[in-house]
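Presented below is the structure to which this report refers.
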Amino acid sequence: MKPWENNIRRVEPYVPGEQPKYKDIIKLNTNENPYPPAPAVFEAAAGLDTSMYRKYPDPACDILREALAENYGVTSDNVFVGVGSDDVLSMIFLTFFNSKKPILFPDITYSFYSVWAEVYGIPYKRPALDENFNIKAEDYYEENGGVVIANPNAPTGIYRNLDFIRDILEHNQDVIVVVDEAYIDFAGESAVKLLEEYENLIVVQTFSKSKSMAGMRIGMAIAGKELIKALNDVKYSVNSYTMNMPSLVMGTAAAKSNEYYKEITAKIVATRERTVEELNKLDFECLPSGANFVFAKHKNIPGVDIYEYLRQNKVFVRRFNAPRIEDYLRITIGTDAEMDRLFELLGEYL
Ligand SMILES: *Cc1c(COP(=O)(O)O)cnc(C)c1O
């Protein structure tokens, strides 16, 4: 062993969902949106002046933050943006979780949280979800170094209303509470409403799911000015130019296309409800979903068998080989035609 090998920071990395290279597949494995981004995004893309790429982009990301601030009814110094919410969350972990006490997040949740905690050396604890896969608020009453809650949670899809979030906040006034709302547009009320009351709250959202722009990598945090300032100080200490120019321009166009996004979100929610009905008919149990996916388990057949069968038939879904959820499939809501193909295949197999 070489001496320098002892100094390598070794981590077990997050494993993203597969992005298969071939075309004729139905891809229901990474919660992408089946519909295109808003027409204004295409117009913005066509209008990009590529000769401007020789210059650095605006490090403050003003146009995007201003458009987002208007949507949330806040000012732009309440908004932080980054390269997907993964980048934003990673900056949040680095900035705010600097205590010797463990941060808390559920045992079953977005699996990136423990990866960031590991890479930044942040102690953490993962209270178990209850038997219905609900987060137990009482588990978050103990002393801690911070709290991270995905709402809706992933990969369960379960949404909890603002009374639940308020309960967590009431019991955690001395630490930063992060609510990761990657799927909120498919669910219900956002915790952005609570920002005026709780200055230790940070709400994180993304353009990857409801805004249909996973490929552009845009995420944001909304919080009080002081917290946003602290986040920016860390960002400028790591990489000032996180957002590229096309993302800023196209993201701004998307942020101004609320009517279009309401329409496609409603379509996805309708398809989700139909999907749950069809899966129930096929003897699946689905957790109540407030997301653009369902988390479903067949009553008799192991999840891995169904997963492999679908894969052989070019339908990709996601499965997590982890305790309590190994028989569940996380199925992204695609177009109606894509879901019909899934039901057809399952009908032939079961
Ligand atoms: C998809 C997802 C993210 C990351 O999204 P980005 O593409 O990085 O914006 C973060 N949190 C949860 C819970 C997600 O499902």
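Quick one: how many residues across segment 290-314 are among the hydrophobic types (A, V, I, L, M, F, W, C) and more than 22 Å from the chain's Cα centre (by Cα)? Matching residues across segment 290-314 total 4. Please work out which residue is nearest to Glu285 (Cα to Cα), limiting yourself to segment 108-148 and to residues that are in a loop (DSSP other than H, G, I, E, B) and small (Gly, Ala, Ser). It comes out as Ala128.
Can you confirm whether Ala150 is within 16 Å of the ligand (Cβ to nearest atom), crowded, with 21+ Cβ neighbours inside 10 Å and hydrophobic (A, V, I, L, M, F, W, C)? Against the criterion (within 16 Å of the ligand (Cβ to nearest atom), crowded, with 21+ Cβ neighbours inside 10 Å and hydrophobic (A, V, I, L, M, F, W, C)), Ala150 qualifies. Quick test for you: out of Ile218, Ile222, Ile228, pick the one residue that is away from the ligand (no atom under 16 Å from the Cβ) and not acidic (Asp, Glu). It is Ile228. Among residues of segment 214-235 that are more than 30 Å from Asn33 (Cα to Cα), those with a beta-carbon under 7 Å from a residue that is among the hydroxyl-bearing types (Ser, Thr, Tyr) at least six positions away or on a different chain give the pairs Ala230/Thr95; Val234/Thr95. Tell me, yes or no, whether segment 104-120 has at least one residue that is surrounded by fewer than 18 Cβ atoms within 10 Å (Cβ to Cβ), over 26 Å from Tyr261 (Cα atoms) and free of Cβ contacts under 8 Å to residues at least 12 places away in the same chain. Within segment 104-120, not a single residue is surrounded by fewer than 18 Cβ atoms within 10 Å (Cβ to Cβ), over 26 Å from Tyr261 (Cα atoms) and free of Cβ contacts under 8 Å to residues at least 12 places away in the same chain.
Being of a type outside the set (Phe, Trp, Tyr), out of contact with any strand residue (DSSP E or B) (no Cβ under 9 Å at 6 or more places or on another chain) and modelled with pLDDT of 95 or more holds for only one residue in Ile268, Ile333, Ile325, and it is Ile268. Considering Leu345, Leu310, the condition of being buried (at least 22 other Cβ atoms within 10 Å of the Cβ) and over 28 Å from Thr206 (Cα atoms) is satisfied by Leu310 alone. Taking into account only those residues within segment 204-250 that are among the polar types (S, T, N, Q) and under 16 Å from Leu94 (Cα atoms), which is surrounded by the fewest Cβ atoms within 10 Å (Cβ to Cβ)? In this case the residue turns out to be Ser237. I'm told Ser76 meets every condition in (1) over 24 Å from Phe164 (Cα atoms); (2) without any contact (Cβ under 8 Å) to a residue 60 or more places away in the chain; (3) crowded, with 22+ Cβ neighbours inside 10 Å except one. Can you identify the failing condition by its number? Result: Ser76 fails condition (3) only. Note on segment 100-144: residues that are over 17 Å from Arg324 (Cα atoms), hydroxyl-bearing (Ser, Thr, Tyr) and within 15 Å of the ligand (Cβ to nearest atom) amount to 2. Hey, any hits in segment 82-95 for a residue that's more than 16 Å from Leu201 (Cβ to Cβ), at pLDDT 95 or above, more than 16 Å from the ligand (Cβ to nearest atom) and outside any strand (DSSP E or B)? No, segment 82-95 contains no residue that is more than 16 Å from Leu201 (Cβ to Cβ), at pLDDT 95 or above, more than 16 Å from the ligand (Cβ to nearest atom) and outside any strand (DSSP E or B). Would a scan of segment 2-17 turn up a residue that is touching a Leu at 6+ places or on another chain (Cβ under 9 Å) and either of a type in the set (Phe, Trp, Tyr) or more than 15 Å from the ligand (Cβ to nearest atom) (or both)? Scanning segment 2-17 turns up no residue that is touching a Leu at 6+ places or on another chain (Cβ under 9 Å) and either of a type in the set (Phe, Trp, Tyr) or more than 15 Å from the ligand (Cβ to nearest atom) (or both). May I ask you to list the residues in segment 1-20 that are of a type in the set (A, V, I, L, M, F, W, C) and closer than 21 Å to Phe112 by Cα? Ile8, Val11, Val15 - these are the residues of segment 1-20 that are of a type in the set (A, V, I, L, M, F, W, C) and closer than 21 Å to Phe112 by Cα. Quick check: is even one residue across segment 160-174 in a loop (DSSP other than H, G, I, E, B), touching a Ser or Thr at 6+ places or on another chain (Cβ under 9 Å) and either surrounded by fewer than 20 Cβ atoms within 10 Å (Cβ to Cβ) or not acidic (Asp, Glu) (or both)? Looking through segment 160-174, none of the residues is in a loop (DSSP other than H, G, I, E, B), touching a Ser or Thr at 6+ places or on another chain (Cβ under 9 Å) and either surrounded by fewer than 20 Cβ atoms within 10 Å (Cβ to Cβ) or not acidic (Asp, Glu) (or both).
The values are calculated or read from the model by the stated rules, or taken from the named source; none is laboratory data. Just so we're clear, the structure is a prediction, and the values are computed from it rather than from any experiment. Positions of Cβ are generated from backbone atoms using ideal geometry, with glycine treated the same way; all protein chains shown enter the neighbour counts.
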